[in-house]
Each structure stands twice: as structure tokens, then as C-alpha cells.
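Here the structure comes first, spelled out in C-alpha cells, and everything after it is commentary.
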Amino acid sequence: MDTKVMNRAADNIRVLAASMVEKAKSGHPGGAMGGADFVNVLYSSFLVTDPDNPTWIARDRFFLDPGHMSPMLYAVLALTGKYTIEELKGFRQWGSVTPGHPELHPERGVENTSGPLGQGHVMAVGCAIAERFLQARFGDWLTHKTYAFISDGGIQEEISQGAGRLAGYLGLSNLIMFYDSNDIQLSTEVNAVTTEDTAAKYRAWHWNVIEVDGTDPLAMAGAIETAIEEKHRPTIIIGKTIMGRGAVTADGECFEAKCSTHGNPLSASGASYEKTMEHLGADPADPFHIWDDVKALYDARSEKLRAIVKERREAEKAWREANPEKAALLDSYIAGKLPEIDWENIAHKPNIATRQASADVLAELAKKVGNMIVASADLANSDKTDAFLKNTHAFTNGDFSGAFLHAGVAELTMAAIMNGIALHGGLIGACGTFFVFSDYMKPAVRMAALMELPVKYIWTHDAFRVGEDGPTHEPVEQEAQIRLMEELRNFKGEPSVLVLRPGDAAETSVCWKMAMENTKTPTALILSRQNIPDLPATSGNRYREALGAEKGGYIVKQAENPAVTLVANGSEVSLLVDAAAELDKEGITARVVSVPSIGLFECQSPEYRNSVIPADGKVFGLTAGLPSTLRSVVGANGKVFGLDHFGASAPYKVLDEKFGFTVDAVLANVKAYLSK
């Protein structure tokens, strides 16, 4: 390794990164300038990718955790040919492919959207699990490394606890993480908030810990080589780097290790942009260039990569010829194809909780879907994901032949790991916990929605009917919160999350069918703890009627020219069916509608929506959540009865009485509404 050329290449990255921020008049140059040395060593000497097929399944992955260091990533990817100089100049501008924080674009080498600190390296843990899962089934030819880059902020985020614990527990030796330890954060030096021994912490989690000079390319290359040879533990390379490395003032004095360079252009931080460019070997009037010797370094790496990939492809070809059935199976996984599943004939006992109906489905999926990983946050026997576990076994240290992850009490970590599993490709991830604890998961759910990852969330104990556990465990506002993600459109203009709250066992089967067939967005399944009466089947086939859920909402009990249309989802639908029967006895014709997905229902044509819920009719909504949950469905003239307060500790049937969720209470509310 020619250290002179390596240092030149790192300086070239520094110049491009700082210049991008300077031109945009916003951004974070300091960290990018300090981390340039490591990414240069990694990309010029170690990261194995296919220059001609950037989405090759067996490529190494690089996960950036501190998304504000995007100029560093774009700059090094420009050296590999993934971005043009003109594209770097468009940093942070409308329509640019170089946004302020990286957005998922594997064809360009961006393996994850990053920004919220901590999540990026946890996605890397998920990716590493996915690689081990596939290697256990298809062999060593597709093994690869997953690299992560984390900053002081990511280390401090609580989610790093879960990631560190799980990666060490599982012995993810294919995971190599560089810790950019520059002792500076946005508003203070690191020692103003922590003096912990990070190395000792990771050693306690059973990581291989290597401490190096993060400015020395030879030292970092040696550390990466050691990490690659590690067979039993994940590796963290703690590199002592320098915030704003190379920055100088107008007088040429050193301006490194300053908080001000973290989040300001150099010219606004106290440094001199022009003098810094000169100091790094660039023309401040024309800095956007890849220098000839640096281009030669990366061109040589591309040719070496082609030779490496050629050899790997030959190994893959030999494996495929020897294992045609496994090869076809792997191809179906990568293509996202589902096996045939007889959804209609998944058996359910009568009148069961929808979490139990979900368990019936999960047991079938465990037998049929060989590329599905399910996780639970220490609640498998309560959220009923153990139905999947009973048909496989959990991951343990060094053994990934199973398909279940015991995440421990770490909901956010679990959700971010699922994102990493989905990002790897070829696998389906699902994870479960109580619905009230979805609050812990929201940051990762939002990232899944932003990246359009088809992760499945299994959220049970869906309402105040959790009962005796009391208000800490009884979701009220959570459904309204997650349904905001149905309103929020992704970049393709679709609801960013598919949210489903089924009303009985048959509808649960249909909702799982919808979830598994949804490859465009995350799906949330909201399921009951308590048993629910099966909804009536006027045709005699409840499952086929429940297929109406595929349009978001449908008629459960028909009534022509109804005096009132009763609307709900989940546990409340059966209550409305009972109420409608009583209304009918009194000569008040009532239609009952189930809307398991409000967002999907609102995507239907006006004609369909009006055929289900007449726009000019009386509409009464019932929800165990906030009344706002159903307001968009019932319309301006409709009425919603819901919960506008926290729950309480008591048997759930007592809470039904106290909170007004009985047939008599519903009748009284409907009649009062109709009388106005």
C-alpha cells in the first residue's frame, strides 16, 4: 500500500466533501473530513462489490450510520464511478441524487437511508443476520462482509445497546464496524456528556475490539485484515480520527477538532475554505476534480474487483450446476416470489382472538415460506409469534439454521434489525410486540416506510381490553398515530404503511395474505388479546366475504337504503353487528362496515366508497381508540364514539361497561345521533 497515494486519495475525499457543503451553503463537513481516511482504505482496498452489477447478492455492504456525513459517502462513491462530479455539485438541491442525508439507492452504492443516529449500524446487524441465514442454507459462495460506520452520536444513542448485545450474542463475525471516534459532537466535545470506556463496553458484549490511529492507512488496513479473519465475533475498529482534518484558518493555522466544523460550511465555522483547499492540494476556485493518481488508484481497484467477482461467479456457477433445486429456490427468494399458500383453508377455531388467528397463519407460514425470519421482543408466547417458532428454532451463537430471533426487550433495536434484513434482499422480516410498545418502534417504522421496505409488524393487545394490566399497557392513541402513516405518501405516491386491524379470524387470514403480498411498503397488523365473535357469513363462506378487506373496507351486514351505516374495525365490528340486530328489531335498518385499512379504503374509487358508506347517509363510527381514528371515514356529518382518555385496570368486560362498549350503550349513542 502506497501511503502517499492513500493520503492523497483521502485528501481528495476531504476536498470534495468540504466543497459540496460549501457550494450548498449547508451541511456537515467536519466529520466527513475526519472519516475520509477510513472510507478510502475500505473502498480502495477491501470492500468487495461488482463494478458492473452493483446489486449482486453476494456483495459486501457498507452501512453509514451518521447520515450527516453523506458528503464523505458521495465523495468516495464518486471515486468508484457511482456519482459524477456534476452530481456532487448538486448536493442538497431540489431533484438532486445527492440529498442532505443519504437515501437508499443500492445501484449507486447507498445501502441504507440514514440520518436518525444509531439506526444505520443496527440495520447492518440485520444485514449480517440475513447473510448468515442465507449462507446456512445455500453455502459459502455467497458469504460476504457487512461494514458499518458509526460516530460518537450513534454510540450514545440507546439503540446501540441492543445492537451491541445482539451482535455479540449471535457471534456475527461477518460484521465489521468502524467507530469514528473524534471526540467532537455538534454542540460540545464528547467529554462534556460521557467518559465511558467504549472499548470495555464492546468487549463485555463479546466483540473483537481493535483500537487504531484513524488517520493511519496502514494501521486501518491491518485492522480490517484482522477483522476479516475473525471467525467468532463481530469486530469494532475504534479509530481515533480528527474532526475537520486538514482545516486551517486564513492565517494557515490549524483549525481541526472544532465543534463548529461539525454542522457548518468551513467558511462559516471559523476556518478558511480557500486556505483549507490549498492546504489539501486543491484549487479553491475549481475544487471539483478527481485527481489523476487517485483515479488510477480506484481504476486499479475496479479491475481487481472484476477479477475477484469473476472467481466468485465461477464458484456460484459450479454450485448452481450441482444444486439446481436450491439455485431455483434462492432465485425465487431474491425475486420476492411467494410459494403457493392456501389462505382459505388455514384452520381457525370459532370465536378466537385475532392474535390466535394470526398464530394459526404464522404456523403455516413457518412451514411454507423458507425465507421468512420472525422476531419478538420477549413476548413470543403472548404476541403468539411462538407459533412460528414452534415450527423452526431460534438463532443462537454461530447457528443460523433456524428462522426466529429472540430480540430481548429491545423493540426499537428489533425493528431496525428487520429493516436491515429487508435491505439485504432475499428475505422477509416480521416482528412482534404489544401494540402499546409500538411507540418504542416508531423511528424504525418511519425509516422502513421511507425506504419502502416490506417489513411486517405484529402488534397484539390492541386496545383497552388488555384489562387488568391497566393504562400503561392499554393502547388508545396508538392506532390514530400509526394510521397517520397511511395518510403520509411515499415517493411513489402510495400510503407509506399498510395498517390492518382485522375484525375476526377470517379477516385475520385475509390481512396476513395482504401483508405477505405487499412488497411495496411495511404492513402493520393490529390484533386483539381477547376472543372475538366470528362475523356473520351471509353466503356461508366467511373467508371469501372477508376478501373484501383487500379494498380496505367492505360491507359485513348488508342493508339496502340503510337508516344508518355502522363503521368500525377490529374488536368493535362484532359489537356493531350485535347492535345492528337490535336496531333492526326496532325498525331501524342498519348496515355494518368493516374498515381494517382506512388508508387503503380511501384509495378506492369514489363509486366504491359510496357503495359501502353512502356519502349522503347517516354514518356512526365506533372505535376503541381516539375518535379521530375514524373521522375521515364517517365524513363531516358522521358521528364517532371512541375513547378520549386513558384506560384503567380492571377485567376487560368491566371496562366495556364503564367505557360504553356494550350493545345497550352503542344503541343509545346511535339513537341519540339519529335523533339530531
When a/c reaches 1.5 or more, the comparison of a/b and b/c decides; with that in mind, is the range 637-676 rounded, prolate or oblate per its Cα gyration tensor? oblate
Within 10 Å of each candidate Cβ there may be at most 15 other Cβ atoms; applying that plus a DSSP loop requirement, which chymotrypsin sites (Phe, Trp or Tyr not before Pro) in the range 556-656 survive? 646
At 1.002 mPa s and 20 °C, plugging the Kirkwood radius over alpha-carbon pairs of the range 374-532 into Stokes-Einstein gives what diffusion coefficient in µm²/s? 136 µm²/s
Can you tally the net charge around residue 240? Count Lys and Arg as +1, Asp and Glu as -1, for every other residue whose Cβ sits under 9 Å from the Cβ of residue 240. -3
Once the Cα gyration tensor of the range 374-444 is diagonalised, what are the square roots of 5 times its eigenvalues, in whole Å and ordered largest first, as equivalent ellipsoid semi-axes? 18, 16, 10
Calculated from DSSP helices alone, with each H run of at least 4 adding -39500 (n - 2.57) and the total divided by the residues of the chain, [θ]222 nm to the nearest 500 comes to -13000 deg cm²/dmol
Ignoring ligands, DNA and RNA, what percent of the 1.4 Å accessible area of the chain is carbon and sulfur? 50 percent
Largest to smallest principal axis extent of the C-alpha atoms in the range 498-562, angstrom: 36, 27, 21
Taking only the alpha-carbon positions of the range 1-114 and ignoring solvent, what does the Debye formula give for the base-10 log of I(q)/I(0) at q = 0.13, 0.14, 0.20 Å⁻¹? -0.44, -0.51, -1.06
Cα-based Rg/(2.2 N^0.38 Å) for the chain, rounded to two decimals, is 1.06
For the chain, accessible area per residue (1.4 Å probe, heavy atoms of protein chains only), Å²: 37 Å²
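Taking K and R as +1 and D and E as -1, what net charge do the other residues with C-beta under 10 Å from the C-beta of residue 511 add up to?
0
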Toward the positive end of the charge dipole of the chain, about the Cα centre and with charges on Cβ (Lys, Arg +1; Asp, Glu -1), which of 257, 571, 647 goes farthest? 571
Please enumerate, by chain and number, the aspartates and glutamates with C-alpha under 17 Å from the C-alpha of residue 658, excluding those fewer than 8 residues away in the same chain. 468, 469, 474, 572, 644
State the dimensionless ratio Rg/Rh of the range 203-326 (Rg: radius of gyration of Cα atoms; Rh: Kirkwood radius). 1.15
For the range 301-338, which trypsin sites (Lys or Arg not before Pro) pass both filters: DSSP loop (anything but H, G, I, E, B) and at most 11 other C-beta atoms within 10 Å? 337
Rounded to whole angstrom, the alpha-carbon centroid of the range 105-163 lies from that of the range 206-229 at a distance of 18 Å
The range 313-358: equivalent-ellipsoid semi-axes (sqrt of 5 x gyration tensor eigenvalues, Cα, Å): 39, 10, 8
If you count, for each residue, the other Cβ atoms within 10 Å and average over each peptide, how do 124-137, 564-577 line up from highest to lowest? 564-577, 124-137
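The values are calculated or read from the model by the stated rules, or taken from the named source; none is laboratory data. Predicted model, so just to flag it, every value in this text is computed and none were measured. Glycine gets a Cβ as well: all are built from the backbone with ideal geometry, and neighbour counts include every protein chain shown. Keep in mind that these areas ignore ligands, DNA and RNA; they rest on the heavy atoms of the full protein, side chains included. Shrake-Rupley method; radii C 1.70, N 1.55, O 1.52, S 1.80 Å.
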